[in-house]
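The values are calculated or read from the model by the stated rules, or taken from the named source; none is laboratory data. Note that the coordinates shown come from a computational prediction; the quantities given were computed from them, not determined experimentally. Glycine also receives a Cβ, built like all others from the backbone with ideal geometry; neighbour counts cover every protein chain displayed. Only protein heavy atoms, including side chains, enter the accessible area calculation; ligands, DNA and RNA are left aside. Shrake-Rupley method; radii C 1.70, N 1.55, O 1.52, S 1.80 Å.
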Amino acid sequence: MAWFRRTQKGIQTATEDKKDVPKGLWYKSPTGKIVDAEQLEKNFYVSPEDGYHVRIGSNEYFKILFDDNKYTELDKNLTSRDPLEFEDTKKYTDRLEDDQKKTGLKDAVRTAVGKSKGKDLVI
């Protein structure tokens, strides 16, 4: 079965010629099962191999729950504050800024109103 074992020794591939697999094509569940990302999305982020519920963000939840992904976000500009001026190894305000840049969201909570299966829904 030479298709997965080298038949010749000493084959070297230059670093610039190596190809990377694009990130996000597959998902590996904690039980070690590999699932195609597209298949996972079609299965509402539940691994069909082992029933593991994958952690997803609010964008994915909204896409699943609201009809045709149509909704109106409430309190879009709501942000956390630091009235106690909390500081440990890093200022709380600095932590907030870093997380906002990392997630692209202003706060940990998002609320929206729309329709789900034709009925009004607030999340």
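Below, the figures for the structure above:
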item: Qualifying residues in region 104-123 (those that are under 22 Å from the mean Cα position of the chain (by Cα) and part of a loop (DSSP other than H, G, I, E, B)) - the one nearest to residue 74 (Cα to Cα); result: 110
item: Residues of region 68-123 satisfying the condition of being in contact with a helix residue (DSSP H, G or I) (Cβ under 7 Å, 6 or more places away or on another chain) and among the aromatic types (Phe, Trp, Tyr); result: 71, 86
item: Tally, over region 101-123, of residues that are free of Cβ contacts under 8 Å to residues at least 40 places away in the same chain and either in contact with a Pro (Cβ under 8 Å, 6 or more places away or on another chain) or open to solvent by less than 60 Å² (accessible area, probe 1.4 Å) (or both); result: 2
